[in-house]
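**Q** Take this structure, written in structure tokens, and hold onto it; I'll ask about it next.
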Amino acid sequence: MDFRVFVEPQQGATYGDQLAVARAAEALGYSAFFRSDHFVAMSGDGLPGPTDSWVTLGGIARETSTIRLGTMVTSATFRYPGPLAIAVAQVDEMSGGRVDLGLGAGWFESEHRAYAIPFPPLGERFDRLSEQLEIIAGLWRTSVGETFDYSGTHYSIVDSPALPKPVQTPHPPIIIGGGGAKRTPALAAKFAAEFNMPFASLDDLKTQYGRVAAALASAGRAPDSLTYSAAFVVCAGRDEFEIARRAAAIGREVDELRSNSPLVGTPDEIVERLTPFAEAGVQRVYLQVLDMSDLDHLELFAEVVGRFG
């Protein structure tokens with residue numbers, strides 16, 4: 001099982017805070033550093049304020065050497081597809097080909113109102129996401145010297161040089177996730193290298209993985225052509241006191257955390273609780289790290305990583 005670190009900087013983190021986590025994760029053997037793409041905190045004051053995901057990842061790309069970098073997930077409402085394709089391709093070049101693009105429809109209305117970003121109804125957001133995926137993949141796949149055109153309901157492209165190209169070929173891995181019953185599995189089957197099910201129970205995860213597997217079969221894709229992943233909040237400790245201390249630091253109760261995440265408890269407990277998820281098909285786990293100042297937490301959890309490695 002592959003383990004990745006996933007942070008929520010909108011809750012309050014500087015670029016330096018994020019870089020420290022990324023460097024620690026790299027040194028400890030985690031495969032990737034991911035960050036959310038949000039502009040407003042879900043709780044607390046969010047000080048010192050938000051940081052742009054792709055600006056941040058571009059900086060971290062130049063200050064790390066091996067760890068993969070990505071978003072969980074970029075909101076399709078925040079950026080036009082052409083400039084987003086350029087930004088991600090640039091960070092891919094800056095990192096030497098270490099970027100993954102997680103892309104979703106967007107959901108947090110308050111941050112859109114706070115920063116003058118249009119927030120259309122859910123159906124239109126999914127339509128826009130679908131068109132963005134078509135455009136971004138199309139731009140990246142267009143051969144050098146050729147042009148790319150696209151005519152959609154929300155976006156149109158005429159005679160684009162489709163530059164720059166990312167380092168990875170045919171393009172950086174695209175991650176799609178969520179619990180939608182129809183459109184989400186279909187989009188994953190068409191575009192994704194990875195499907196992520198965030199913060200789900202074991203039963204819900206099994207159901208959604210089944211839908212995605214069926215969509216893959218309908219699209220004619222091999223079952224092993226897609227990586228199945230999950231995301232859970234992490235709260236590990238060597239004993240109950242340390243677990244409770246870490247829960248308090250993120251404003252959560254231990255019992256509530258244990259009921260919602262298998263990544264809560266001692267290393268032995270986490271291995272036991274995570275095993276059924278591995279048996280259900282989870283190949284990759286994103287650790288949602290909510291206290292970015294606690295780098296010792298990552299070091300402790302590396303014991304779990306070693307046992308599943």
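**Q** Going by what's in this entry, would Ser53 be described as over 21 Å from Asp296 (Cα atoms) and either open to solvent by less than 10 Å² (accessible area, probe 1.4 Å) or touching a residue at least 24 places away in the same chain (Cβ under 8 Å) (or both)?
**A** Yes; evaluated as a whole, the condition is true for this residue.
**Q** Here's another thing I want to ask about it. Any idea which of Gln132, Gln90 is part of a helix (DSSP H, G or I), at pLDDT 95 or above and open to solvent by 20 Å² or more (accessible area, probe 1.4 Å)?
**A** Gln90
**Q** Which of the residues that make up the stretch 110-123 are charged (D, E, K, R) and open to solvent by less than 60 Å² (accessible area, probe 1.4 Å)?
**A** Glu111
**Q** Could you check the stretch 162-184 and list, in sequence order, the residues that are under 26 Å from Leu202 (Cβ atoms), touching a Phe, Trp or Tyr at 6+ places or on another chain (Cβ under 7 Å) and open to solvent by 30 Å² or more (accessible area, probe 1.4 Å)?
**A** Residues satisfying the conditions are Gly177, Arg183.
**Q** Determine which single condition Met292 fails, assuming it passes every other condition in (1) under 19 Å from Arg35 (Cβ atoms); (2) more than 20 Å from the chain's Cα centre (by Cα).
**A** Among (1) under 19 Å from Arg35 (Cβ atoms); (2) more than 20 Å from the chain's Cα centre (by Cα), the lone unmet condition for Met292 is (2).
**Q** Please give the number of the condition Gln10 fails out of (1) in contact with a Phe, Trp or Tyr (Cβ under 6 Å, 6 or more places away or on another chain); (2) open to solvent by less than 20 Å² (accessible area, probe 1.4 Å).
**A** Gln10 satisfies every listed condition except (1).
**Q** Also, I was wondering about something else. With respect to Ala213, determine if the residue is modelled with pLDDT of 95 or more, out of contact with any helix residue (DSSP H, G or I) (no Cβ under 6 Å at 6 or more places or on another chain) and either assigned to a helix (DSSP H, G or I) or within 29 Å of Asp294 (Cβ to Cβ) (or both).
**A** For Ala213, the condition - modelled with pLDDT of 95 or more, out of contact with any helix residue (DSSP H, G or I) (no Cβ under 6 Å at 6 or more places or on another chain) and either assigned to a helix (DSSP H, G or I) or within 29 Å of Asp294 (Cβ to Cβ) (or both) - is met.
**Q** Anything in the stretch 65-87 that is buried (at least 23 other Cβ atoms within 10 Å of the Cβ), touching a helix residue (DSSP H, G or I) at 6+ places or on another chain (Cβ under 6 Å) and closer than 16 Å to Thr51 by Cα? List them, or say none.
**A** Selection gives Leu69, Thr71.
**Q** Only one of Asp159, Asp204 is open to solvent by 60 Å² or more (accessible area, probe 1.4 Å), more than 24 Å from Arg4 (Cα to Cα), touching a strand residue (DSSP E or B) at 6+ places or on another chain (Cβ under 8 Å) and at pLDDT 95 or above. Can you tell me which?
**A** Exactly one residue qualifies, and that residue is Asp159.
**Q** As an exercise: evaluate Leu122 against (1) hydrophobic (A, V, I, L, M, F, W, C); (2) under 22 Å from Met197 (Cβ atoms); (3) touching a strand residue (DSSP E or B) at 6+ places or on another chain (Cβ under 6 Å) and give the number of the one condition it does not meet.
**A** For Leu122, the failing item is (3).
**Q** Are there any pairs with C-beta distances below 7 angstrom linking a residue in the stretch 272-297 that is in contact (Cβ under 8 Å) with a residue 24 or more places away in the chain and assigned to a loop (DSSP other than H, G, I, E, B) to a residue that is open to solvent by 30 Å² or more (accessible area, probe 1.4 Å) and of a type in the set (Gly, Ala, Ser), with the two at least 6 apart or on different chains, and if so which?
**A** As it stands, the answer is Asp291/Ala249; Asp294/Ala249, since those pairs meet every condition given.
**Q** Within the stretch 137-156, restricting attention to residues that are in a strand (DSSP E or B) and aromatic (Phe, Trp, Tyr), which residue is surrounded by the most Cβ atoms within 10 Å (Cβ to Cβ)?
**A** Taking the candidates together, the pick is Phe148.
**Q** Here's another thing I want to ask about it. Quick one: count up the residues across the stretch 243-276 that are acidic (Asp, Glu), open to solvent by less than 70 Å² (accessible area, probe 1.4 Å) and either in contact with a strand residue (DSSP E or B) (Cβ under 8 Å, 6 or more places away or on another chain) or more than 18 Å from Ala302 (Cβ to Cβ) (or both).
**A** Of the residues in that region, 1 qualify.
The values are calculated or read from the model by the stated rules, or taken from the named source; none is laboratory data. Values in this document were obtained by computation on a predicted structure and should not be read as measured data. Note that we place each Cβ from the backbone using ideal geometry, even for glycine, and neighbour counts take in every protein chain shown. Accessible surface is based on the protein model in full, side chains and every heavy atom, while ligands, DNA and RNA are left aside. Shrake-Rupley method; radii C 1.70, N 1.55, O 1.52, S 1.80 Å.
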